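Student: There's a structure below that I have some questions on.
The values are calculated or read from the model by the stated rules, or taken from the named source; none is laboratory data. Fair warning: this is a prediction, and the values are worked out from it, not measured in the lab. We place every Cβ from the backbone using ideal geometry, glycine too, and count neighbours over all the protein chains shown.
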Amino acid sequence: MEEKKEEKESERKKKQTLLDKSIDFIFSNDERKWLIPIFVLGVILRFIVARNISMLGDEAVHGPHAIGFLHSGLISTFAHSPTWFYLTDIFMRILGVTMFSTRFLSFFYGSLTILVVYILTARIFSKKAALLSSFLLAVSYYLIRYTLAEMDLSALFFLTFAIYIFIVSAEKGKFPYLAAVSIGIASLIKTLSLFFVPAFLLAFFLFRKKEENKLNKKEFWNLSKRAVYFGLIILLVFSPILIHNYLWYKDKGMVDTYFAQYFDIGNARQAYTGLLGFDSGFLEQKFFDGVVSMAETIFRLDPVIVLFGLLGLLMTYFLREKRKYWLFLIIFNLFGFIFLILSNWLPTHYTTMIPVLAIFGGVFIDKFSLKIGESFKMERKIILTILVIAILIFQLFMLMPHLSSRGALSQMREYAINNVDKDSVVLVDSRIYRGRIAWLFSDFHYLEASYFSPILQLNENLSGQDIPIKLYFIECARDDCGWGTIKDNPQLNESMEQLVGQFSGATPQKTILGGGGYDEETGDPYFKVYQTQINLKPQIISVIDSTHEWFYYPVNYIPKEKIFDRYSVNGFFDGLIYKFAWLVMILSIILALIFPIKLGRDLIKDL
């Protein structure tokens, strides 16, 4: 009788719709439903910061370069992997060019990583520990703080999801094809993702079927072949970057910054001398300095997660049945950390350390609360509630400067979209960083103020009649808006002040105040917008637009002739591999959008 009831209940569950299951789950006593508010909390915090936080230096490079990338014709760039630029441009076209859309990928994939950490921790340890781990990641100051126009958080999603897929495949005795593809996509978003590949290759040996038996020669070669196949799939997905460098070198004798830095091919390293460290090669002589420096940075940016993570790491070491998972996660972080130290010390690259620390941190809090409850005869829920609230308050306190005010560039862009006439000329103070100017006004007829005098002289020599054109002048009210070096250039500052003097009699149409909690004083004037009228010949507008270049590329990739890494493709073989690279690129973009759907399906199955 009981068996028939169970069969009927099983059939009823199968017939339930996704909506029915979701409703049943939300109103059940299942503790896993706490994942919903945890995820929502993480999404809200990331959204606010992505919209608010002031722009960092590298964002003013990546952001403008993403605008119009869909018609650039590039299968890679001279400095970074291509998929991030294609995806960012797609969302910019959907959402418009705003601070949030420029940072959308970090917001989107950074939020989804919360769910990856949950499903990964649940599979390795327990669902209660998984909730705690996902909570730690949801409120991670480090990850939220770097929800920027950077590639790292997007790549991090695919790397952590690859860990999950690899483990599931290994436990089922299947080859982890999708894990390799996921790593390949990560590398097409951020080339440095390849630093984590050795951990996956070694994992084939960690997750071998007969763990209790000694590894024999036949099994060693079988596992080695699987690892090689795995690496070849990654290489296949990564191939557009290799093909880009091959074709560029063959036509122009140049390669991108990564090949120049690590392999010193031709004269490429010399071409990038002094450019953001791209000519530095490996940093092995400063290795120990790098370890100390970056360890301090990681701890400073997320002390709670680092502390609980290290304690959890020590605690779980003694769980023999979890040893292979423990080793996999450790070597994942270890290889990444070592290779990153040898190449680049930018803090944003080390966000990859946080998910693993959050996993171990959640396990520690889970075990710790149980032991404390037993020792002091307290309800475990009370202890967990106190710990969670304390962690949340601490993390929110760290985030408060980014949550409570909005950066000037975000406000300026919004003002330009809603108030500045597209047929006008926007004259921009040259004390504003050039990359910021390109991002702010890429879809306007903008002119850096240092070009204003030559343009006026040229206008006088042109034939035809002047016509009245609306002119907006954007002043850097704080004298240095992103360069950081204006104090060393008094001549530029003086010339800009003289130009500002020409508008001093007019009341600013808009004063935009600083905020966002980075290098802007909250509440202090950052930009001032003036509006007037100027007489110019219509043909001068195309001349003004021709000045729109930024960091090796024309803004909006127009005209294409000015693209730095543009090359000719000649011959049947080169044409064939070039088309293959485009095929892989298109597939990588499609798969990057499909993988979150797979995560959702796996998560629903788990719930």
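Student: Tell me, which residue of segment 154-192 that is more than 22 Å from N222 (Cβ to Cβ) and polar (S, T, N, Q) is nearest to the chain's Cα centre (by Cα)?
Tutor: Filtering segment 154-192 for residues that are more than 22 Å from N222 (Cβ to Cβ) and polar (S, T, N, Q), the one nearest to the chain's Cα centre (by Cα) comes out as S154.
Student: Can you tell me which residues in segment 511-537 are part of a loop (DSSP other than H, G, I, E, B), touching a helix residue (DSSP H, G or I) at 6+ places or on another chain (Cβ under 6 Å) and farther than 19 Å from M398 by Cβ?
Tutor: G514, K537, listed by residue number.
So that you can scan it fast, the table gives a plain yes or no per residue for (1) without any contact (Cβ under 8 Å) to a residue 12 or more places away in the chain; (2) surrounded by 15 or more Cβ atoms within 10 Å (Cβ to Cβ):
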residue: V529; (1), (2): no, yes
residue: Q533; (1), (2): no, no
residue: F551; (1), (2): no, yes
residue: P554; (1), (2): yes, yes
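Student: Determine if segment 414-423 includes at least one residue that is in contact with a helix residue (DSSP H, G or I) (Cβ under 6 Å, 6 or more places away or on another chain) and either at pLDDT below 95 or surrounded by fewer than 24 Cβ atoms within 10 Å (Cβ to Cβ) (or both). First the steps, then the outcome.
Tutor: Step one: list which residues in segment 414-423 are in contact with a helix residue (DSSP H, G or I) (Cβ under 6 Å, 6 or more places away or on another chain), which gives none.
There is no residue in segment 414-423 that is in contact with a helix residue (DSSP H, G or I) (Cβ under 6 Å, 6 or more places away or on another chain) and either at pLDDT below 95 or surrounded by fewer than 24 Cβ atoms within 10 Å (Cβ to Cβ) (or both).
Student: Could you please find all residues in segment 244-264 being outside any loop (DSSP other than H, G, I, E, B) and either touching an Asp or Glu at 6+ places or on another chain (Cβ under 9 Å) or at pLDDT 90 or above (or both)? Full working, then the answer.
Tutor: Of segment 244-264, the ones outside any loop (DSSP other than H, G, I, E, B) are 244-252, 257-263.
Of everything in segment 244-264, those that are outside any loop (DSSP other than H, G, I, E, B) and either touching an Asp or Glu at 6+ places or on another chain (Cβ under 9 Å) or at pLDDT 90 or above (or both) turn out to be H244, N245, Y246, L247, W248, Y249, K250, D251, K252, T257, A260, Q261.
Student: Kindly check whether there is at least one residue in segment 147-161 that is assigned to a helix (DSSP H, G or I), more than 30 Å from S101 (Cα to Cα) and of a type in the set (F, W, Y). Lay out the reasoning, then the answer.
Tutor: Here is the first cut: in segment 147-161, the residues assigned to a helix (DSSP H, G or I) are 152-161.
Imposing the further condition that a residue be more than 30 Å from S101 (Cα to Cα) reduces the set to none.
There is no residue in segment 147-161 that is assigned to a helix (DSSP H, G or I), more than 30 Å from S101 (Cα to Cα) and of a type in the set (F, W, Y).
Student: Which residue, of I541, I474, I469, is crowded, with 17+ Cβ neighbours inside 10 Å, out of contact with any Ser or Thr (no Cβ under 8 Å at 6 or more places or on another chain), among the β-branched types (V, I, T) and touching a residue at least 60 places away in the same chain (Cβ under 8 Å)?
Tutor: Numbers: I541 fails: crowded, with 17+ Cβ neighbours inside 10 Å; I469 fails: out of contact with any Ser or Thr (no Cβ under 8 Å at 6 or more places or on another chain).
Being crowded, with 17+ Cβ neighbours inside 10 Å, out of contact with any Ser or Thr (no Cβ under 8 Å at 6 or more places or on another chain), among the β-branched types (V, I, T) and touching a residue at least 60 places away in the same chain (Cβ under 8 Å) holds for just one of I541, I474, I469, which is I474.
Student: Then there's this: Just to be sure before I move on: is S450 under 22 Å from Q509 (Cβ atoms) and of a type in the set (S, T, N, Q) in the structure I sent? Before the answer, list the steps.
Tutor: Values: under 22 Å from Q509 (Cβ atoms): no; of a type in the set (S, T, N, Q): yes.
So S450 does not fit the description; no.
Student: Those residues that are outside any loop (DSSP other than H, G, I, E, B) and more than 27 Å from the chain's Cα centre (by Cα), I need them from segment 538-561; list them, please.
Tutor: As a first pass, look at segment 538-561 and keep what is outside any loop (DSSP other than H, G, I, E, B): 540-545, 549-550, 553-557, 560-561.
I540, I541, S542, V543, I544, D545, E561 - these are the residues of segment 538-561 that are outside any loop (DSSP other than H, G, I, E, B) and more than 27 Å from the chain's Cα centre (by Cα).
Student: Related question: I'm told E475 meets every condition in (1) touching a Lys or Arg at 6+ places or on another chain (Cβ under 8 Å); (2) assigned to a helix (DSSP H, G or I) except one. Can you identify the failing condition by its number?
Tutor: (2)
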